[in-house]
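Shown next, in structure tokens, is the structure this report addresses.
Each reported figure results from applying straightforward, stated rules to the coordinates on display, with no laboratory input. Please read these numbers as outputs of a predicted model, since none were measured by experiment. Cβ coordinates were reconstructed from backbone atoms using ideal geometry, including for glycine residues, and neighbour counts include every protein chain displayed.
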């Protein structure tokens with residue numbers, strides 16, 4: 001009887017790598033897990049998007065519902081330094097009791113801008129129906145002095161009335177008429193002075209050391225110091241540069257030698273200062 005001997009090592013090599021019966025195929029398992037993870041990510045993204053759209057729509061609906069039913073219950077003002085609240089109330093139409101969508105906000109802003117100091121007004125209404133009016137005021141740049149009266153001017157040359165009980169620390173401006181509030185100064189002389197004052201207000205030391213300003217055709221812009229009334233000649237244009245000269249001269253020379261030793265400081269020339 002012949003015996004057949006099987007090469008079990010070859011069979012073992014053929015069967016190597018094959019899963020045993022009942023053993024899951026690892027590659028297919030990993031692919032299945034990746035598919036499940038990707039599907040879950042897509043579903044999560046969709047759920048978040050749907051939730052966001054739902055709440056957005058709910059917020060819009062609530063806003064429309066509130067806007068159609070709410071009324072103004074209170075009005076507040078903010079941002080004033082020179083204008084009293086009573087002045088604002090005198091010129092503005094009262095919105096209390098009205099619905100926001102029936103209010104002419106542009107017209108109300110125009111009413112407030114009729115006051116000398118008011119440039120603009122912005123309105124906001126909260127969910128409780130409280131209206132806030134944020135006003136922006138003109139800022140005095142100098143005080144006009146002439147005759148028995150005085151007034152302020154701002155950067156646009158608009159003449160502003162003095163405010164009782166509120167003093168503004170700005171230089172006195174000579175040589176221009178004190179006319180009615182709301183009028184505007186113009187002309188070459190004022191443009192030169194206005195340019196100088198605007199530049200000076202950006203220089204802390206220069207601003208606090210100057211008390212009076214004027215203009216002449218011969219000398220251009222000239223000023224007097226707060227202390228001892230020393231005459232400062234700034235001429236025309238290049239005011240930022242000349243103000244830096246003055247601040248440096250004040251810090252390095254006047255503070256050591258004393259201001260009493262000077263009557264005139266001429267800053268009109270480039271890279272040099274002439275004193276008397």
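What residues of the stretch 169-184 lie in the reach of a label at residue 226, counting those whose backbone N is under 17 Å from a point 7 Å from the Cα along Cα→Cβ? From the stretch 169-184, the list is 169-173. For the stretch 110-169, the relative contact order comes to 22 percent (Cα pairs under 8 Å, sequence separation of at least 6). Neighbour counts of C-beta atoms inside 10 Å place 163, 193 in the sequence 163, 193, starting with the fewest. Taking the stretch 105-137 and a reference point 7 angstrom along Cα→Cβ of residue 93, the backbone N atoms nearer than 14 Å belong to 105-112. Counting 0.36 nm for each residue step from residue 205 to residue 251 and taking away their Cα separation leaves a gain of 15.6 nm.
Between residue 74 and residue 218, full extension at 0.36 nm per residue minus the direct alpha carbon distance yields a gain of 46.0 nm. The spacing between the stretch 224-251 and the stretch 131-188, judged by their C-alpha centroids, is 23 Å. Distance between the modelled labels on residue 166 and residue 184, one decimal in nanometres: 2.3 nm (7 Å Cα→Cβ projection).
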